[in-house]
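The values are calculated or read from the model by the stated rules, or taken from the named source; none is laboratory data. Bear in mind the structure is a predicted one, so any value in this text is a computation, not a measurement. Note that we place each Cβ from the backbone using ideal geometry, even for glycine, and neighbour counts take in every protein chain shown.
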Amino acid sequence: MSLLDAQFSRQQMNHFVSKSDWSAASLTRKLTPLFNQMTQAASRTQPKRNAAGKILYTTDYKPTGLIFDESGWAKKGQQSVGVARQYCGRTGKVDNCQIGVFSALSRRHHAVLNNVRLFMGNEWTGQPDRMRKVGVPETIINREHRTKGMLATEMLIESYDAGVQFDFVAGDSVYGGSPDLLQALLERDIDFVLNVGNQRRIWLANPNHRMSNPPNSGQPGRPSTRAYPRKPGISMQQYFQAENPAQWQRIQIRKGTKQWITVRIKRVAIWTRILNKTYQLQLLLTQRSGEGIKCAMTNISPARASLKTIAYIHAQRFFVEQAFRDAKQTLGMAEYQIRKWTAWHHHMALVLLAQLLYALFLQTLQGEKLAGTTVYDLRFLYLHFGFLWIRYMPFIAVSTLLKRVHTRRKAYFDSR
């Protein structure tokens with residue numbers, strides 16, 4: 001029996017998660033100093049800055065990213081909050097599921113989830129009585145439908161205002177296609193590397209958007225309501241169809257299980273429209289072996305980051321997928337039987353707390369040259385010794401045990 005089982009009955013634990021009136025949002029805000037401690041401990045150097053105070057992404061500095069991604073949980077029935085037929089990444093198809101939009105902090109080879117929002121589709125936002133039945137707060141019921149990009153924007157502003165330390169923002173095309181998120185980033189002058197859809201309109205020279213008849217101009221005729229480009233634009237797909245990836249620069253981005261992962265990449269200056277404003281950004285075209293071309297936009301100029309560094313930043317999303325895997329396989333993220341709004345957020349907040357504590361323990365052990373230590377290893381120690389190992393087991397005993405586990409794991413992968 002674990003220490004947790006000895007102190008709390010199942011009924012008490014169910015009450016704590018489902019009905020207790022503590023705030024999940026308040027808990028995640030109070031964890032901000034610990035999140036900052038984790039990212040600072042992972043840093044080995046301080047960033048250099050240019051005359052404007054912007055970070056120079058040199059090769060010896062490993063930046064911290066705030067990365068947005070989503071995860072789904074297949075569910076039966078229609079009574080659980082937010083459940084609907086939508087694409088579920090876990091099953092790889094449109095399925096009956098819940099979707100959570102997460103933000104994660106990633107630096108070097110570490111990533112931890114630090115915030116979450118439950119996505120509620122139109123099937124829910126248009127039915128206030130159904131939302132009240134599962135305990136959705138009135139402030140959520142009375143507001144307009146929020147897309148995944150809008151939820152990510154909320155978490156960005158919350159993290160920014162709370163003092164969470166990060167250098168750049170990244171995400172897939174769901175978030176790169178959100179004008180609200182892009183505008184929030186540009187208004188706050190936050191660096192970003194966001195994937196975008198192939199149909200996004202771009203210009204390779206300044207399009208000089210102008211109104212043919214601006215309001216209050218005194219010209220006869222009906223005033224213009226929008227600006228039009230003076231030069232024709234193209235979609236990203238039209239642009240990269242004329243490209244030959246074999247001529248792009250080839251860069252190693254991270255170590256795989258057996259060999260380095262390489263990618264072909266090209267960077268080019270573009271102009272694009274975001275909420276009726278024109279911005280000059282950088283377009284990144286990347287392709288891995290056997291895969292199609294992916295497009296991303298960034299406001300990090302070539303003078304501030306080499307192509308190798310920007311490729312490293314773009315690849316940081318991989319470690320967020322590892323964080324999801326650890327949370328689901330080891331920390332019980334997907335192991336819940338709850339239906340209501342409060343219980344779902346309580347459960348996720350506790351998972352985020354557990355993952356943060358595990359990450360801090362991992363940094364301690366990896367600082368003692370146990371670089372192969374994983375969340376699963378810490379769970380192994382807990383299941384065998386409870387939390388007593390943290391305080392009472394000598395480090396040499398923990399080190400010997402984990403090195404034995406790492407040797408067996410390495411032998412297994414080498415034999416495949």
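In region 240-259, is there at least one residue being aliphatic (A, V, I, L, M) and over 26 Å from the mean Cα position of the chain (by Cα)? Looking through region 240-259, at least one residue is aliphatic (A, V, I, L, M) and over 26 Å from the mean Cα position of the chain (by Cα). Cβ-Cβ contacts under 8 Å between residues 6 or more apart (or on different chains), taken from a first residue in region 295-309 that is under 9 Å from PHE192 (Cβ atoms) to a second residue that is outside any helix (DSSP H, G or I) and among the polar types (S, T, N, Q), are listed as MET297/THR272; MET297/GLN282; THR298/GLN282; ASN299/GLN282; ILE300/GLN282. Once region 130-177 is narrowed to residues that are of a type in the set (Lys, Arg) and in contact with a strand residue (DSSP E or B) (Cβ under 9 Å, 6 or more places away or on another chain), the residue that is nearest to THR32 (Cα to Cα) is LYS148. Starting from residues that are out of contact with any His (no Cβ under 8 Å at 6 or more places or on another chain), in a strand (DSSP E or B) and aliphatic (A, V, I, L, M), keep the ones in region 187-211 and report whichever is nearest to VAL169 (Cα to Cα). Going through the qualifying residues, I end up with LEU194.
Residues are listed down the side, and each one gets a yes or a no for (1) in the same structural domain as GLY332 (by TED's automatic domain parsing); (2) polar (S, T, N, Q); (3) out of contact with any Lys or Arg (no Cβ under 8 Å at 6 or more places or on another chain):
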residue	(1), (2), (3)
THR32	yes, yes, yes
LYS48	yes, no, yes
GLY53	yes, no, yes
TYR57	yes, no, no
TYR61	yes, no, no
PHE68	yes, no, yes
GLY72	yes, no, no
LYS75	yes, no, yes
VAL83	yes, no, no
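Screening region 276-323 for residues that are within 17 Å of THR64 (Cβ to Cβ) and over 20 Å from the mean Cα position of the chain (by Cα) and picking the one that is surrounded by the fewest Cβ atoms within 10 Å (Cβ to Cβ) gives ARG304.
If the condition is being surrounded by fewer than 18 Cβ atoms within 10 Å (Cβ to Cβ) and not in a strand (DSSP E or B), then region 76-93 contributes LYS76, GLY77, GLN78, GLN79, GLY89, ARG90, THR91, GLY92.
For the residues LEU285, LEU275, LEU281, the requirement of being modelled with pLDDT of 85 or more and on the phi > 0 side of the Ramachandran plot singles out LEU275.
No other residue among ASN96, ASN115, ASN36 is touching a Ser or Thr at 6+ places or on another chain (Cβ under 6 Å) and either closer than 23 Å to ILE313 by Cβ or surrounded by 16 or more Cβ atoms within 10 Å (Cβ to Cβ) (or both) apart from ASN115.
When you scan region 253-262, do you find a residue that is touching a Ser or Thr at 6+ places or on another chain (Cβ under 6 Å), assigned to a strand (DSSP E or B) and assigned by TED's automatic domain parsing to the domain that holds ARG107, even just one? No, because not a single residue in region 253-262 is touching a Ser or Thr at 6+ places or on another chain (Cβ under 6 Å), assigned to a strand (DSSP E or B) and assigned by TED's automatic domain parsing to the domain that holds ARG107. Given (1) outside any helix (DSSP H, G or I); (2) touching a Gly at 6+ places or on another chain (Cβ under 8 Å), identify the lone condition not met by ARG143. Result: ARG143 passes all but (2). For region 259-275, the set of residues classified as surrounded by fewer than 18 Cβ atoms within 10 Å (Cβ to Cβ) and touching a residue at least 24 places away in the same chain (Cβ under 8 Å) consists of ILE261, THR262, VAL268, ALA269, ILE274, LEU275, listed by residue number. Annotation: THR374 fulfils all but one of (1) in the same structural domain as ASN198 (by TED's automatic domain parsing); (2) modelled with pLDDT under 85; (3) among the polar types (S, T, N, Q); the unmet one is (1). Among what's in region 234-251 and is in contact (Cβ under 8 Å) with a residue 40 or more places away in the chain and within 18 Å of TYR312 (Cα to Cα), pick the residue that is surrounded by the most Cβ atoms within 10 Å (Cβ to Cβ). The qualifying residue surrounded by the most Cβ atoms within 10 Å (Cβ to Cβ) is ILE251.
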